[in-house]
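Quick notes on the structure that follows.
The values are calculated or read from the model by the stated rules, or taken from the named source; none is laboratory data. Quick caveat: nothing in here was measured; it's all calculated off a predicted structure. Virtual Cβ from ideal backbone geometry, glycine too; neighbours counted across all protein chains shown. What goes into the accessible areas is simple: the full protein's heavy atoms, side chains included, and nothing from ligands, DNA or RNA. Shrake-Rupley method; radii C 1.70, N 1.55, O 1.52, S 1.80 Å.
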Amino acid sequence: QVRLGESGGGLVQPGGSLRLSCAASGGIFSIYGMGWYRQAPGKQREFVASITSSGSTNYAESVKGRFTISRDNAKKRVYLQMNRLKPEDTAVYYCNRAGSSDWGQGTQVTVSS
């Protein structure tokens, strides 16, 4: 089992930026695909972005061109750079090891003026 921990959330104004970080421990991080998901109040958890072990990325249509996922295998971290944030991006953001039930505790992102 891989343990995951997210950080970097907070309150930001519309149009602002945040960088989320997910630290992994246990396992062999470099071989894992990793993903970011989010869950807004009253809604189901939804896919945001993913990155394979070789660095290929995929994004939800709603965040394409605004969010960037990246990874640092030496630090065992995956990042989500979020730019031009909108109120509808407000949610708890989770990282996940692809194809597993390994989830972090989540970090709250609130976009509001």
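Solvent exposure of Glu88, expressed as accessible area, is near 120 Å², computed with a probe of 1.4 Å over the protein chains only. Scoring 93-100, 22-29 by mean Cβ neighbours within 10 Å over their residues and listing the highest first yields 93-100, 22-29.
Simple spin-label estimate for Asn58 and Arg45 gives 1.7 nm between the two label positions (7 Å along the Cα-to-Cβ direction from each Cα).
Normalised by the number of residues in the chain, what is the relative contact order in percent for Cα pairs under 8 Å and 6+ residues apart? Averaging sequence separation for qualifying contacts and normalising by length gives 38 percent for the chain.
Here the spin labels are modelled as points 7 Å beyond Cα on the Cα-Cβ line, and at Gln1 and Ala98 they lie 2.3 nm apart.
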